[in-house]
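Taking it in order: structure first as structure tokens, then the write-up.
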Amino acid sequence: MREYVIRSAPQRFIERWIEAIGGFLFCVVMPISFYATGEPFRNGFGATEQTILATAFAYAVVWYMGRRLDAFPRSALQGYLRYVAPLAAIAYATIAVILVLLRSEYSRIQLFGSGVLAMVWMAAIARLRARYLVRHYAVVPTSLLGTMPQVPGCRWLEFDDVQMGGVRVDAIVADLAAGLTESELSALANAAIAGVPVLDRRFILENLTGRTPLGGLTPNEFGALLPSRQYLLVRRAIELALTVLALPLLLPALGAVALLVRLDSAGPIFFLQPRVGRRGRVFRMVKFRTMYHGAAGPSFTSSADPRVTRIGAFLRRCRLDELPQLVNVLRGDMSWVGPRPEALVLDQQYVRDIPHFALRGIVRPGVTGWAQINQGYAHDHDEMRSKLEYDLFYLKHCSLWLDIVIVLRTFAVILGGAGAR
């Protein structure tokens with residue numbers, strides 16, 4: 001009987017180097033022709049040469065950070081573009097500020113031209129990858145095919161068809177707990193020997209959807225949900241420093257919003273509510289009041305809720321009602337990034353009805369979070385289960401890069417007003 005061997009698709013890392021070198025030529029080298037009167041670096045080291053090196057460094061930073069951030073799942077290409085553009089703007093603006101502070105001569109055409117071209121290049125490459133880069137995955141057992149997520153850029157193939165057809169695949173997705181046959185296990189072993197990655201179904205689902213499935217989560221996996229303690233300590237120090245530095249900008253905004261709330265309707269400016277924080281500790285979260293004072297009703301907010309004031313609707317849409325939570329951040333009740341804290345009554349209900357819901361308390365709750373930017377508002381049990389899967393993914397992959405993705409995409413959500421109630 002003929003034994004089929006699955007072959008691996010060509011390595012993708014070559015595409016990354018082509019992208020990096022092409023971007024360097026487009027973003028750093030091409031602008032030189034528009035202003036340089038001679039051959040750079042031939043007659044010494046002047047303003048032109050200094051700016052070329054500075055823009056080369058800025059482009060390298062943008063490309064590297066873009067690749068790192070691109071490793072996390074995103075809901076749409078538009079979201080990726082919205083966080084690449086700020087990266088390029090920040091990187092090149094930082095270079096410009098450093099050159100000005102050092103009183104160094106520099107070429108404005110090279111600096112700003114390279115910055116604009118970097119945004120164009122990263123946007124074009126992202127669009128091309130999303131449109132033309134299709135990854136092929138062989139799925140075993142075949143019954144899994146109907147459960148795999150429909151994600152652009154991914155094609156799911158039957159394992160037997162791939163074996164007999166000689167199709168090259170990027171990886172094999174297997175449910176190792178599904179009781180595979182001896183022949184299937186042997187084929188997986190041969191594929192691994194041939195250099196084809198064999199991935200567990202849960203792993204690929206996490207990396208494509210940004211969610212850690214609750215089904216099959218065992219106590220043995222709880223340790224993987226514990227973020228690095230060293231990173232959490234460093235992040236806490238950084239967020240405290242940045243919050244204090246941002247106070248001169250935040251305090252006038254807080255004052256203006258407080259005045260609008262006061263003029264819009266009678267009642268207190270702030271709304272205080274018991275929320276559940278890290279390790280189940282209850283704290284009083286502060287927000288700007290967005291409902292009519294004394295309005296009765298459920299503890300959650302529905303779409304077009306009549307209890308919401310005119311200014312309150314605007315504040316909720318732009319997330320400005322969350323600004324006073326900087327007090328909770330300074331007190332240590334919350335972080336800027338983390339699972340959103342639930343009201344005490346609702347949290348007790350979710351902990352009772354949804355398995356592993358209390359695991360969200362491993363870290364401090366956040367003003368924004370991975371679940372917030374991917375799913376938005378949630379209330380019923382199905383939505384909360386989905387939201388919990390996003391939160392568990394965040395706990396499992398908590399890092400500087402994921403926090404940067406969340407912060408940048410939060411600004412995109414604020415500008416678009418998505419998910420507000």
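The values are calculated or read from the model by the stated rules, or taken from the named source; none is laboratory data. Predicted, not measured: the structure shown is a model, and the values here were computed from it. Counting neighbours? That spans all protein chains shown, and the Cβs are built from the backbone with ideal geometry, glycine included. For accessibility, only protein heavy atoms count, side chains too; no ligands or nucleic acids. Shrake-Rupley method; radii C 1.70, N 1.55, O 1.52, S 1.80 Å.
For GLY369, list long-range residues whose amide hydrogen, built 1.01 Å from N in the peptide plane, is under 5 Å from its own amide hydrogen.
Hits under the 5 Å cutoff: GLY338.
Could you give the size of the charge dipole of the chain about its Cα centre, using +1 on the Cβ of each K and R and -1 on the Cβ of each D and E, expressed in debye and rounded to the nearest 20?
1280 debye
Which peptide among 391-402, 307-318, 185-196 comes first, and what is the full order, when sorted by highest mean count of other Cβ atoms within 10 Å?
Ranked by mean Cβ neighbours within 10 Å, highest first: 391-402, 307-318, 185-196.
Show me, for region 323-337, the HN-Hα J-couplings you get by feeding each phi into the Karplus relation (A = 6.51, B = -1.76, C = 1.60, θ = phi - 60°), rounded to Hz, glycine and proline as x.
3, x, 5, 4, 5, 5, 5, 5, 6, x, 6, 9, 10, 5, 10
Please report, as a whole percent, how much of the solvent-accessible surface of the chain comes from carbon and sulfur atoms (probe radius 1.4 Å).
Carbon with sulfur: 63 percent of the solvent-accessible area.
Which percent of Cα pairs goes in each bin when the distances of region 287-401 are cut into 5 angstrom slices starting at zero?
2, 10, 19, 22, 21, 16, 7, 2, 0
Hey, what's the Kirkwood Rh for the chain if you take every pair of different alpha carbons, in angstrom?
In the chain this quantity evaluates to 24.8 Å.
Given axes a ≥ b ≥ c from the Cα gyration tensor, I'd like to know whether region 187-256 is rounded (a/c under 1.5), prolate (a/b larger than b/c) or oblate.
Verdict is prolate for region 187-256.
Any idea what log10 I(q)/I(0) is at q = 0.15, 0.18, 0.23 Å⁻¹ for region 98-144, Debye with uniform C-alpha scatterers and no solvent?
For region 98-144 at q = 0.15, 0.18, 0.23 Å⁻¹, log10 I(q)/I(0) is -0.64, -0.74, -0.86.
Give me P(r) over region 124-192, computed from all C-alpha to C-alpha distances, binned every 10 Å, as integer percentages.
Taking all Cα pairs of region 124-192, the binned fractions are 19, 48, 24, 8, 1 percent.
Can you tell me how region 343-421 classifies by the Cα gyration tensor, rounded, prolate or oblate, using a/c under 1.5 as the rounded cut?
oblate
What fraction of the DSSP beta bridges in the chain is antiparallel, stated in percent and rounded to the nearest 5?
35 percent
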